[in-house]
1. ALA114 versus (1) free of Cβ contacts under 8 Å to residues at least 60 places away in the same chain; (2) not in a helix (DSSP H, G or I): which is the lone unmet condition?
2. Among what's in the stretch 291-333 and is part of a loop (DSSP other than H, G, I, E, B) and acidic (Asp, Glu), pick the residue that is least open to solvent (accessible area, probe 1.4 Å).
3. Determine whether THR206 is open to solvent by less than 20 Å² (accessible area, probe 1.4 Å) and closer than 17 Å to ILE170 by Cβ.
4. Checking the condition within 29 Å of the chain's Cα centre (by Cα), aliphatic (A, V, I, L, M) and crowded, with 17+ Cβ neighbours inside 10 Å, which residue from ALA137, ALA114, ALA96 passes?
5. Select from the stretch 1-41 the residues that are open to solvent by less than 10 Å² (accessible area, probe 1.4 Å) and within 17 Å of CYS73 (Cα to Cα) and list them in ascending order.
6. Can you tell me which of GLY182, GLY198 is under 23 Å from PRO329 (Cβ atoms), touching a Leu at 6+ places or on another chain (Cβ under 8 Å) and not hydrophobic (A, V, I, L, M, F, W, C)?
7. What residue, among those in the stretch 255-266 that are more than 11 Å from PRO324 (Cα to Cα) and open to solvent by 60 Å² or more (accessible area, probe 1.4 Å), is nearest to the chain's Cα centre (by Cα)?
8. Across the stretch 336-360, what is the total count of residues that are open to solvent by less than 50 Å² (accessible area, probe 1.4 Å) and assigned to a strand (DSSP E or B)?
Amino acid sequence: MGQTDARRRRLLGKLEGLRADAMLVTCPANVRYLSGFAGEGCLLVTADKTTLFTDFRYEEDAVRSAPGCQMACPPAAQLDSACMAEARAAGAWVVAIEAGEMTVSAYRALEQAAGEQGVALVETEQVVEALRLIKDADEIAAIKRACALTDEAFSDILKCLKPGVSERDIAAELLYRLRLLGADGPSFDFIVASGTNGSKPHAVPTSRRLCAGELVTLDFGCRVDGYCSDMTRTVAIGQPSPELARIYRAVYEAQRLGREAYRAGLPCARADAVAREYLASQGYGQAFGHSLGHGVGLDIHERPRVSAASTAVLEAGMVVSCEPGVYLPGTGGVRIEDLCLIESGGCSVLSQSPRELLER
């Protein structure tokens, strides 16, 4: 049995508790997780078979990438009717749907098609996403490959970090190098924040040029076989001021403490507190405004959220980021981020780039 077959069996086991006979999967990441298919389409999972609904543009790729799935390519206007007719033909009277993935108009159209077939719909949330929390061997291998490419691209980009180079130029060069290395593409829009722009956690690269004595934060990643990497490093352009060096040391230590705390069984809220309490002790408690981390997989932001408000507990097989930061308007900012594979007695850090402050 392949990985996607095993995942679909696990999904069917979940449906028993929802009193549903089948599930219509419409979230693109969930379709890929359960079938291997990365194009446009949806998936109907029943006890006896799985049907992948797509169209002529993707049919050849679907046959190749989704073994074990039956293919159907109805006209777009007939998709809802085709899905519900297939459900009835498979003996399904109740079909679970991903409510969070549908607009009101899409739901109404599907509801009408279901009614015509005598099928009832059950709204669900985060059913497949709950399965995706724990990564299997194939997923971990893909994330590790993505992290390795990200490390290599960072090593290359260090040569380009010098006064006069713009944030946009750095972002473009990072993307180019990742593509050359074999990445499928970026895992998100890169953040390159220099000088005072570093106080914006999600800064957008601008035409601002790097200057001597300041810091530049690089937050970037790529996809390999659909799976994401996510890494942040902050680099000094020449020698930083004593204040910036002190901020860096504080974030460096907070990130180390966070990584060392990560292990199976640790509440996410407690993991967040480890880094947050240290930064507060250094006088930067109010300057760390986001959570310590988040899950990463087919999506760049997945469950669990490693935050003070989280009720989740870290489990072996989860891949989560550890990314404390300090952001001071008018001064700048520092963030250091790694992906960590949670294990029973700790974690394996998947990013290997240096964390010590580098001066270019």
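1. It is condition (2) that ALA114 fails.
2. GLU323
3. Judged against the criteria, THR206 is not a match.
4. ALA96
5. Result: LEU24, VAL25, VAL31, SER35, PHE37.
6. GLY198
7. ARG263
8. Going through the stretch 336-360 one residue at a time, the tally reaches 10.
The values are calculated or read from the model by the stated rules, or taken from the named source; none is laboratory data. Since this is a predicted model, take the numbers as computed values, not measurements. Note that we place each Cβ from the backbone using ideal geometry, even for glycine, and neighbour counts take in every protein chain shown. Just the protein is used for accessible areas: all its heavy atoms, side chains included, with ligands, DNA and RNA removed. Shrake-Rupley method; radii C 1.70, N 1.55, O 1.52, S 1.80 Å.
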